[in-house]
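The values are calculated or read from the model by the stated rules, or taken from the named source; none is laboratory data. Treat the numbers as computed from the prediction; the structure is a model and nothing was measured. So basically every Cβ, Gly included, is an ideal-geometry build from the backbone, and we count neighbours across all protein chains shown. All accessible areas refer to the heavy atoms of the entire protein, side chains included, with ligands and DNA or RNA removed. Shrake-Rupley method; radii C 1.70, N 1.55, O 1.52, S 1.80 Å.
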Amino acid sequence: IPVGRSCQIIEDLSGHRVSQAMVIESSRLCVEKILPFQQAVKERLKSGDVVHFDESGLRVCNKLHQLHVAGTPEMTYYTVDQKRGAEAMEAMDILPGFTGTAVHDHWKPYFQYDHCKHELCNAHHLRELNFIHDRYGQDWAPQMSCLLVEIHHQVRQAKLQNQQHLDPAVLSVYESRYDAIIKAGLEINPPAQRRPGQRGRVKQPPARNLLERLRIFKDQTLGFMYDFKVPFDNNQAERDVRMIKVKQKVSGCFRTFEGAEIFCAIRSYISTSCKNGINVIDAIQNAFQGKPFIPYCFSTPE
């Protein structure tokens, strides 16, 4: 909510008008009060088994910045940075010390952190497979979509039956079907050839690129099949990002970088409180009283 509208809401509820400067200063004070929360969440995310990561554009001072999020079903941590790549990740200071499984959308800078496992978002894969089928009419794409959805359903059924893993014979069948679909797709999508006099890297068609990615990153695509703690997609991080995008549509860009940082810090606190069933007003009041809410545990993703 914009600062001016916040002042209007306070006046409508209490009958007393507050200045915009008071709202801004109160926000700064809130960030100071929740510093123990921020430090605790960052450390707990670093030691988590499975953490979702995502990034999205955020306009600050009429310039494009990047919002970065690390989240679980219990915790959310936002940061904003002028850059999108490795420098921003280093500044966020979660992935550099993370040793669990990072779930993301195959953005290449994530793979520089080879001390953790990587799991790719299959919701992204399904969208790309639908595009390949709709745009190029290739039958291998819906076959792969159906296979991924079938495996996802099989894993969910196994979880409901309190199983810890799929039967090795079932895993072998799924792996063989996966490999066969990739092979069939590669046969009808040969690599593009370099033209006479052409320089630089040869650009491959979208279908070929997707097939190569699914082939090379097979283990990261099917990670949810091998380890039931790993989710099928990265929807957790995408949901965490969505609220920030809605805020930007309603209020426009941030006028200052400090304002964006304040918003990210407080929103991290509010989001985490909501995920843990904590009343937001109570959480904020406790923070100002020197007792900010701090989550303590992780749960296994569904």
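A few notes on this one:
- Options Ala141, Ala158, Ala169: the member that is modelled with pLDDT of 95 or more, more than 29 Å from the chain's Cα centre (by Cα) and either open to solvent by less than 90 Å² (accessible area, probe 1.4 Å) or within 30 Å of Arg84 (Cβ to Cβ) (or both): Ala169
- Taken together, the residues in the range 192-240 that are part of a loop (DSSP other than H, G, I, E, B) and in contact (Cβ under 8 Å) with a residue 12 or more places away in the chain amount to 13.
- Val149 over 28 Å from Tyr110 (Cβ atoms), of a type outside the set (Lys, Arg) and either assigned to a helix (DSSP H, G or I) or open to solvent by 30 Å² or more (accessible area, probe 1.4 Å) (or both): no
- Whichever residue in the range 44-79 is of a type in the set (Ser, Thr, Tyr) and in a strand (DSSP E or B) and, among such residues, is farthest from the chain's Cα centre (by Cα): Thr79
- If only residues of the range 85-104 that are aliphatic (A, V, I, L, M) and outside any strand (DSSP E or B) are counted, the one that is modelled with the lowest pLDDT is Ala86.
- Residues being surrounded by 19 or more Cβ atoms within 10 Å (Cβ to Cβ), touching a Ser or Thr at 6+ places or on another chain (Cβ under 8 Å) and not β-branched (Val, Ile, Thr) - total across the range 72-88: 4
- Answer residue from the range 149-181, given it is without any contact (Cβ under 8 Å) to a residue 40 or more places away in the chain and aliphatic (A, V, I, L, M) and is nearest to Phe228 (Cα to Cα) among those: Leu160
- Selection from the range 230-247 of residues that are of a type in the set (D, E, K, R) and at pLDDT 95 or above: Asp233
- Condition check for Arg17: of a type outside the set (Val, Ile, Thr) and touching an Asp or Glu at 6+ places or on another chain (Cβ under 7 Å): yes
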